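The values are calculated or read from the model by the stated rules, or taken from the named source; none is laboratory data. The model shown is predicted, which means the values in this text are computed figures rather than measured ones. All Cβ positions, glycine included, derive from the backbone under ideal geometry; neighbour counts span all protein chains shown. Only protein heavy atoms, including side chains, enter the accessible area calculation; ligands, DNA and RNA are left aside. Shrake-Rupley method; radii C 1.70, N 1.55, O 1.52, S 1.80 Å.
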Amino acid sequence: MNNCMFTGYLYDDPEVEIDEDSGAEYCEFTLYIYEYFRNKRGEKKRHSTYLRFIAWDSGARTIAKLGKEGMKMTINASAKNLEPESDTEVIFRVNQFDFGCLDKE
């Protein structure tokens, strides 16, 4: 099953774009995710991983409207090859999402 769940932070403000071929609206954005670990000396370290996501139509509009740089999001996504002939470049297609801090304002 190709079902991935991520919680991380928006790298920058998402924006809606229009697909030239289909005319559909989409939003491509980056989420950074922290992994914490201890090194051999016992010091706590943090490593960042950057992942690319794409959302379509109403999901794209909502993410672009509500999402701001640094906001926490949880995303349920499916991994897709970026190009059909590429077997190493991956983008995650957003299936569901939730902002972790909309109630704070």
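On the basis of being open to solvent by 40 Å² or more (accessible area, probe 1.4 Å) and at pLDDT 95 or above, does Tyr32 make the cut? Yes, satisfied. Looking at segment 49-66, is at least one residue within 18 Å of Asn95 (Cβ to Cβ) and of a type in the set (Lys, Arg)? Yes, segment 49-66 contains a residue that is within 18 Å of Asn95 (Cβ to Cβ) and of a type in the set (Lys, Arg).
State whether the residues of segment 78-87 include one that is within 23 Å of Asp19 (Cα to Cα), in contact with a helix residue (DSSP H, G or I) (Cβ under 9 Å, 6 or more places away or on another chain) and hydrophobic (A, V, I, L, M, F, W, C). Scanning segment 78-87, I find no residue that is within 23 Å of Asp19 (Cα to Cα), in contact with a helix residue (DSSP H, G or I) (Cβ under 9 Å, 6 or more places away or on another chain) and hydrophobic (A, V, I, L, M, F, W, C), so the answer is no.
Only one of the numbered conditions (1) closer than 21 Å to Asn3 by Cβ; (2) modelled with pLDDT of 95 or more; (3) exposed (fewer than 14 other Cβ atoms within 10 Å of the Cβ) is violated by Glu15, and that is (1). Within segment 73-88, the residues that satisfy the criterion of being under 23 Å from Gly59 (Cα atoms) and not basic (Lys, Arg) are Met73, Thr74, Ile75, Asn76, Ala77, Ser78, Ala79, Asn81, Leu82, Glu83.
Among the residues of segment 6-40, those that are out of contact with any Leu (no Cβ under 9 Å at 6 or more places or on another chain) and assigned to a strand (DSSP E or B) comprise Glu17, Ile18, Glu25, Tyr26, Cys27, Glu28, Tyr34, Glu35, Tyr36, Phe37, Arg38. Can you find a residue in segment 46-63 that is at pLDDT below 95 and over 18 Å from the mean Cα position of the chain (by Cα)? Yes: segment 46-63 contains one or more residues that are at pLDDT below 95 and over 18 Å from the mean Cα position of the chain (by Cα).
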